[in-house]
Amino acid sequence: MSERILIPLDGSKLGEAALHYVEDMVSRMSSEKMAEITLLQVITTLRHDVHINGGGAGTITVPYNESELEGIKTNALKYLDNVGANLKNKGIAVSSKVVTGQDPADEIIKVEQEVNADLVAMSTHGRAGISRWAFGSVTDRVLRGGQVPVLMVRAVA
C-alpha cells in the first residue's frame, strides 16, 4: 500500500517547513506502507517588467518568451531536486513537478487530482487580519477547494 503526498513549495525556507513533518510522518509509517512524494512548484509570474529608456522613460509589462520560461522551469526543477535529495537519501520515492498558471491554489488542486494524492502537506505563513485579506491564503484555498486532507504547518521565521 502506498501513500501519495503532494508538497507544494514556493522556493522559500518558510515554504519548506512542511518537509520536516512529512519526513517524520513517513519514518513512522509501518513497513507495509510506502510513501510517494511529489514536490510541486507553481510558477505564477508569467510576465516581467521591462524598463524603457528614452523620452518617456518608464516600464512596460511583457510576457516571458519560451526560452525565458524554460529557464525558469529548469531552475525550479533544480530547486525541487535539491530539496528532495534528503528524502531520497532516506529511501523515499520523490518526484518533482513544475506547472505554470495564474492562481497557485487552482494549480495545486489540479495536480492533487493528477497525482491522485492522499494528502497535501504545505506550510502557511500565518498571516492574519488585513495582510491575509490583502494577500489571500493559498493554503486556505487548497484546504477548502481540494478533495483530500491538508496538513498545514505553520512556518516560523
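The values are calculated or read from the model by the stated rules, or taken from the named source; none is laboratory data. Because the structure is predicted, anything quoted here is derived from the model rather than measured. Here Cβ is always computed from backbone atoms with ideal geometry, including for glycine, and neighbour counts include all displayed protein chains.
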Would you mind finding the one in Ile92, Ile109 that is surrounded by 15 or more Cβ atoms within 10 Å (Cβ to Cβ) and without any contact (Cβ under 8 Å) to a residue 40 or more places away in the chain? Ile109
Tell me whether region 105-120 contains one or more residues that are at pLDDT below 90, under 18 Å from Thr44 (Cβ atoms) and either assigned to a strand (DSSP E or B) or of a type in the set (S, T, N, Q) (or both). no
Modelled with pLDDT of 90 or more and either among the aromatic types (Phe, Trp, Tyr) or surrounded by 11 or more Cβ atoms within 10 Å (Cβ to Cβ) (or both) - does that describe any residue in region 50-66? no
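State all residues of region 67-81 that are of a type outside the set (Asp, Glu) and either surrounded by 11 or more Cβ atoms within 10 Å (Cβ to Cβ) or touching a residue at least 12 places away in the same chain (Cβ under 8 Å) (or both); if no residue qualifies, say none.
Hits for region 67-81 are Leu69, Gly71, Ile72, Lys73, Thr74, Asn75, Ala76, Leu77, Lys78, Tyr79, Leu80.
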